[in-house]
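Peer 1: One structure follows; several queries about it will come next.
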Amino acid sequence: MIELSIAEIADITGGRLSDITAEQAAATKVTGTVEFDSRKVTPGGLFLALPGARSDGHDHAADAVAAGAVAVLAARPVGVPAIVVDPEPTDTSSGAGVLEHDTDGSGAAVLAALGRLARAVADELVAGGLRIVGVTGSSGKTSTKDLLAAVLAPLGSVVAPPGSFNNELGHPWTVLRADRDTDYLVLEMSARHRGNIAALAEIAPPSVGVVLNVGTAHLGEFGSRDAIAATKAELAEAVPSTGLVVLNADDPAVAAMAERTAARVVRVAQDPGERQVDVWAERVSLDELARPRFTLRTPDGAVEVALTVHGEHQVSNALAAAAVALHCGATLEQVVAALAGAGPASPRRMQVSTRSDGVTVINDAYNANPDSMRAALKSLVWMAKAGGRAGGPPRRSWAVLGEMAELGDDAITEHDNIGRLAVRLDVSRLIVVGTGRAMSAMHHGAVMEGSWGAESTMVSDADAALRLLRSELQAGDVVLVKASNAAGLGALADALAAESGDTGR
């Protein structure tokens, strides 16, 4: 973050000083990072006191100051230097889970103040030349954010969020990572309700917006796919006429957003057909680990691209990243080199590793929705069958699947569909993890589609799934682990990948 005095931050956020004099506040600057975890505070930092599932950040304010924070942004006095903002009425429906434990409005107050601080910093940095790039979509946001950071890196200093910091806390937290040396700020933007993306765009107005797709993630909260599309379009609407909006023309709902922005529009497509597109892919192929190769076609010429991320769905993400980089002044050669060197940067998202016994583990356990689940299953089957295409025997494929959260009334149908798809794709073994109605629907969908014997097995939890895998995995098998983060399968995938597989057989 740019250096600001405690007094300046109080003025920006509308807070009042507590346990610090006006003279001290004017003389003391925040020179470190802004943190909401007291264990991560650095000298000169600012600590955010937020309510959490296990404890209230206000109770850790003194620890944060002892660790080096010069002040706390809080909703009540905490006995150490603080900027206190008055609590606001709590409205958890507008957030993405951050305010779940905000029973008294303190979290809403601190988050609103954080947003005002981030907006002030963003405005100053944009005036100095910073470009803000926003990306949204029902799936693929994190992967595309990582690719955007890679292709923009040759052009200057880039700040992008770690993992999926994409809500009303992670978004301004990322903005405040930028400083006067930052040339590009890449922001991933998520939503669970109408107005969420517009609110994030208000905090950090983007000059470039990327919309990837409109799927069924959070369908239970939005109520309809049309509502999801309208919310994703809030990013396109936020980009000014001097900016750029990149739209995935393979998705009709996204392509239609060209009518909802005043900015210049660049359309990308993996399958352009007869449509008008500006950047597209030709001759897409996958290697034995489902890493795509394709010809990138642009108004500036055509080049061959080899990605190091996994899955054919990454082609669309790479096209969007390439379009942004070219707009920002990159050459085709720079784009090709950056994409070739951009491996998976965020953990548990199509993270592929091969053990000493030849078992390949696809750790995609951070998040899941019907669209990303289908893409991951297709990648699993490709990797398993690639051995046969290369002259060796096909490998056995295992899909270890947990619940896809927040699908509302469609949860049963969507889980049933995934179970059936696993059978149609000829996945060797399906392990359904969990005992709820949705997981029962996935298992029975597989059975009704033609699964026989133990091809589909339903287990109670991740520990049971890991025991089954340990007892039955064979050298050379390919295992996909995927679920929404709340299902807790990430630790299973990590443990499975870390094992040697040597059981003495």
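The values are calculated or read from the model by the stated rules, or taken from the named source; none is laboratory data. All values derive from a computational prediction rather than experimental measurement. With ideal geometry, Cβ positions are generated from the backbone for all residues, glycine too; neighbour counts draw on all protein chains shown. What goes into the accessible areas is simple: the full protein's heavy atoms, side chains included, and nothing from ligands, DNA or RNA. Shrake-Rupley method; radii C 1.70, N 1.55, O 1.52, S 1.80 Å.
Peer 1: Limiting things to C-alpha atoms, what are the Rg and the maximum Cα-Cα separation (Dmax) for the range 128-339, in angstroms?
Peer 2: Cα radius of gyration and Dmax of the range 128-339 are 15.9, 46 Å respectively.
Peer 1: A further question on this structure: By how many degrees, 0 to 90 and rounded to 10, does the Cα axis of helix 225-238 deviate from the longest principal axis of the chain?
Peer 2: Between helix and principal axis, roughly 50 degrees.
Peer 1: Let me ask something else about it. Would you kindly give the portion of the calculated P(r) for the range 386-436 that falls above 16 Å, as a percent of all Cα pairs?
Peer 2: Value for the range 386-436: 51 percent of Cα pairs lie more than 16 Å apart.
Peer 1: Near T136, within a Cβ-to-Cβ distance under 13 Å, what is the net charge of the other residues, with Lys and Arg +1 and Asp and Glu -1?
Peer 2: Every neighbour counted, the sum reads 0.
Peer 1: Would you mind working out the magnitude of the charge dipole of the chain relative to its Cα centre, with +1 at each Lys and Arg C-beta and -1 at each Asp and Glu C-beta, to the nearest 20 Debye?
Peer 2: Around 1260 debye, computed over the chain.
Peer 1: Would you calculate the separation in nanometres between label points at R194 and T354, each defined as 7 Å from the Cα along the Cα-to-beta-carbon direction?
Peer 2: It works out to 5.1 nm between the two label points.
Peer 1: Residue by residue, what Karplus-based ³J(HN,Hα) values in Hz, rounded to whole numbers, does the range 2-15 have, using 6.51, -1.76 and 1.60 with θ = phi - 60° and x for Gly and Pro?
Peer 2: Karplus-based 3J(HN,Hα) across the range 2-15 equals 5, 5, 9, 6, 4, 5, 5, 5, 4, 5, 5, 7, x, x Hz.
Peer 1: Per DSSP helix of 4 or more residues, -39500 (n - 2.57); summed, then divided by the residues of the chain. What does that give at 222 nm, rounded to the nearest 500? Before the final figure, lay out each step's value.
Peer 2: Numbers: 17 runs with 180 residues, N = 505.
After summing the helix terms and dividing by residue count, I get -10500 deg cm²/dmol.
Peer 1: Listed highest first by mean packing, meaning other Cβ atoms within 10 Å per residue, what order do 421-430, 43-52, 119-128 come in?
Peer 2: Result, highest mean Cβ count within 10 Å first: 43-52, 421-430, 119-128.
Peer 1: Further question: Let me check the size of the chain from its C-alpha atoms; what are the radius of gyration and Dmax in Å?
Peer 2: So, for the chain, Rg and Dmax equal 23.8, 76 Å respectively.
Peer 1: A further question on this structure: For the chain, please report how many Lys pairs fall under 18 Å Cα to Cα, leaving out neighbours fewer than 8 apart on the same chain.
Peer 2: Lysine pairs satisfying the spacing and distance rule in the chain number 4.
Peer 1: Ignoring ligands, DNA and RNA, what percent of the accessible area of the chain is carbon or sulfur (1.4 Å)?
Peer 2: It is 49 percent, rounded to a whole number.
Peer 1: For the pair D11 and D410, what calculated FRET efficiency results from E = 1/(1 + (r/R0)^6), where r is the Cβ-Cβ distance and R0 = 51 Å, to the nearest 0.05?
Peer 2: The value I calculate is 0.60.
Peer 1: Counting only C-alpha contacts under 8 Å and six or more residues apart, can you give the relative contact order of the chain as a whole percent?
Peer 2: 10
Peer 1: Quick one: which residues, 5 or more positions from L73 or on another chain, have an amide H under 5 Å from its amide H? H modelled 1.01 Å from N in the peptide plane, none for Pro or chain starts.
Peer 2: F47, L48, A49, I83
Peer 1: Right, here's the next one. In degrees from 0 to 90, rounded to the nearest 10, what is the angle of the helix 462-472 Cα long axis to the longest principal axis of the chain?
Peer 2: Helix 462-472 sits at roughly 30 degrees to that axis.
Peer 1: Can you pull the percent of Cα pairs in the range 347-494 with separation above 21 Å?
Peer 2: I get 35 percent for the Cα pairs in the range 347-494 exceeding 21 Å.
Peer 1: Leaving out ligands and nucleic acids, and using a 1.4 Å probe, what accessible area per residue does the chain come to in Å²?
Peer 2: That works out to 39 Å² per residue.
Peer 1: Between A340 and D426, what FRET efficiency comes out of the Förster formula 1/(1 + (r/R0)^6) with R0 = 35 Å and r the beta carbon distance, rounded to 0.05?
Peer 2: Approximately 0.65, to the nearest 0.05.
Peer 1: Please report the relative contact order for the range 219-338, taking Cα pairs under 8 Å with a sequence separation of at least 6, and give it as a percent rounded to a whole number.
Peer 2: On the way: 195 pairs, mean separation 20.4, N = 120.
Relative contact order of the range 219-338: 17 percent.
Peer 1: While we're here: For q values of 0.10, 0.14 Å⁻¹, compute log₁₀ I(q)/I(0) with the Debye formula on a Cα-only model of the range 2-103, without solvent.
Peer 2: Values returned for q = 0.10, 0.14 Å⁻¹ are -0.26, -0.50.
Peer 1: Taking only C-alpha pairs under 8 Å that are 6+ residues apart, what is the relative contact order of the range 328-384 in percent?
Peer 2: Details: 32 pairs, mean separation 12.5, N = 57.
Relative contact order of the range 328-384: 22 percent.
Peer 1: Just name one of A149, G476, P81: the one whose Cα is farthest towards the positive end of the charge dipole of the chain (beta-carbon charges, Lys/Arg +1, Asp/Glu -1).
Peer 2: Most positive-ward Cα: G476.
Peer 1: Which value, in debye to the nearest 20, gives the size of the charge dipole of the range 128-339 about its Cα centre, when Lys and Arg are +1 and Asp and Glu are -1 at the Cβ?
Peer 2: On the way: 17 positive and 24 negative charges, 51 e Å.
Here the size comes out at about 240 debye.
Peer 1: Ignoring ligands, DNA and RNA, how do T331, T242 rank by accessible area with a 1.4 Å probe, largest first?
Peer 2: My answer, sorted largest first, is T242, T331.
Peer 1: Continuing with the same structure: Give me the number: length gained by fully extending A262 to E288, i.e. 0.36 nm times residue separation minus the C-alpha to C-alpha distance, one decimal in nm.
Peer 2: Between A262 and E288, full extension yields 5.1 nm more.
Peer 1: Give the peptides 222-231, 106-115 in descending order of average Cβ contacts within 10 Å, highest first.
Peer 2: Listed from highest to lowest mean packing, they are 106-115, 222-231.
Peer 1: So, one more: Sort 465-478, 247-260 for me by packing, meaning the mean count of neighbouring Cβ atoms within 10 Å per residue, highest on top.
Peer 2: In decreasing order of mean packing, 465-478, 247-260 become 247-260, 465-478.
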